[in-house]
Amino acid sequence: MAVNESVDILNSAYLAVEYIDSFLPDNPLQQPFKNAWNYMLDNYTKFQIATWGSLIVHELSYFLLCLPGFIFQFIPYMQKYKIQQDKPETWEKQWKCLKTLLFNHFCIQLPLICGTYYFTEYFSIPYDWERMPRWYMLLAQCFGCAVIEDAWHYFLHRLLHHKRIYKYIHKVHHEFVSPFGMQAEYAHPLETLILGTGFFIGIIVFCNHMILLWAWVICRLMETIDVHSGYDIPLNPLHLVPFYAGARFHDFHHMNFIGNYASTFTWWDRIFGTDYQYVSYQEKEKNQELLTEKKSN
Ligand SMILES: [Zn+2]
Ligand SMILES: [Zn+2]
C-alpha cells in the first residue's frame with residue numbers, strides 16, 4: 001500500500017513537472033548542444049567517448065570549479081567570506097595538494113574510468129540523442145545519486161575516523177585543517193576507492209543514459225569542491241538544495257575532526273547526533289557576534 005502510494009506521488013510529480021516544462025520557452029542552447037552531441041557520436045567510438053570523454057569532463061569540471069576559490073585568495077574583498085580567516089591558503093600547501101591530486105586522478109581514477117565503456121556495454125546504456133532524459137529527469141536522478149552517495153559517505157567516513165584505522169587512511173585528507181577547493185579529492189588512494197564507491201552506487205541504480213554519468217560527475221564535483229572551498233559565499237545557489245550541508249558544515253569537520261561526517265546533506269548527522277559539537281559551536285559564535293554588536297552600540 002505504502003509503496004503504491006509513493007509510486008502514485010512520484011507519477012503525479014513527474015506529470016506536474018512535464019506539464020510545467022511544456023510552458024517553458026525553448027532552451028536556446030538545446031540545438032547547439034544537440035549538434036555537438038551528434039558530432040561527438042559521429043566522430044568518436046563509444047570507447048573513446050566513455051574513456052577520454054569522461055576523463056575530459058572530470059578534469060575540466062574539477063579545475064574550472066576550483067578556479068573561483070583559487071582566485072578568491074588574491075581578492076581582499078572576498079576575505080570576509082573566508083571561514084577560517086586565521087589559516088590562509090599557502091603556495092606550499094596548494095602545490096603539495098596539486099601533486100597528490102594529479103597522482104590520484106591519473107593513477108587511481110583513470111584506470112577506473114577505463115571501466116566506463118564496459119559498464120555501459122554490460123548494462124546496454126544508450127548514448128544516442130533520442131533517448132537522452134529531459135533536464136528535470138536528470139536533475140531528479142542526480143538528486144537520487146546524491147542521497148545514496150551521502151548515506152554511503154556518512155557511514156564509511158565515520159568508520160574511517162575510528163581510532164584504530166584513522167592514521168592509516170583518512171589522516172591524509174585531514175592534513176589541511178583549513179580546507180581549500182582543490183583539496184576535495186586530496187586523499188589516500190584507498191580512501192579514493194572506499195568513499196568513491198558511493199559515487200557508483202547511484203549510477204548503477206539510476207543510469208539510463210551516458211549523459212547521467214557526466215551530469216552526476218559535475219554535480220558531485222560542484223558539491224565537494226564547494227564544501228571544501230573554505231569560503232561561505234552569500235547567494236550560493238547550492239544552498240537552495242533542501243538540507244544542503246555547505247562549506248561551514250564541512251569546514252567545521254576539518255577544524256574539529258569530530259562530527260559532521262556526511263558529504264552533502266545534514267540529516268544523517270542530525271539523526272545520529274554527530275552534529276552536536278557543530279550546533280554548540282554555532283551557538284557560541286552567534287552569542288559572540290551579539291555581544292560584539294552590543295558593545296559597538
Ligand atoms: Zn574526516
Ligand atoms: Zn573533507
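General remarks:
- Cys219 being buried (at least 18 other Cβ atoms within 10 Å of the Cβ), more than 17 Å from the chain's Cα centre (by Cα) and more than 16 Å from ligand 1 (Cβ to nearest atom): no
- Residue that is nearest to ligand 2 (Cβ to nearest atom), among those in the stretch 169-201 that are among the aliphatic types (A, V, I, L, M) and outside any helix (DSSP H, G or I): Ala187
- Members of the stretch 225-262 that are surrounded by 23 or more Cβ atoms within 10 Å (Cβ to Cβ) and under 18 Å from Leu160 (Cβ atoms): Val227, His228, Ala245, His250, His253, Asn260, Ala262
- Qualifying residues in the stretch 223-235 (those that are touching a residue at least 12 places away in the same chain (Cβ under 8 Å) and outside any helix (DSSP H, G or I)) - the one farthest from the chain's Cα centre (by Cα): Pro234
- Enumeration of residues in the stretch 236-272 that are within 14 Å of ligand 1 (Cβ to nearest atom) and not in a helix (DSSP H, G or I): Ala245, Phe257, Ile258, Gly259, Asn260, Tyr261, Ala262, Ser263
- Selection from the stretch 138-164 of residues that are within 12 Å of ligand 1 (Cβ to nearest atom) and either not in a helix (DSSP H, G or I) or not hydroxyl-bearing (Ser, Thr, Tyr) (or both): His153, Leu156, His157, Arg158, Leu159, Leu160, His161, His162
Any read-out appearing in this document is the output of simple, stated calculations on the displayed coordinates, not a laboratory observation. Quick caveat: nothing in here was measured; it's all calculated off a predicted structure. Counting neighbours? That spans all protein chains shown, and the Cβs are built from the backbone with ideal geometry, glycine included.
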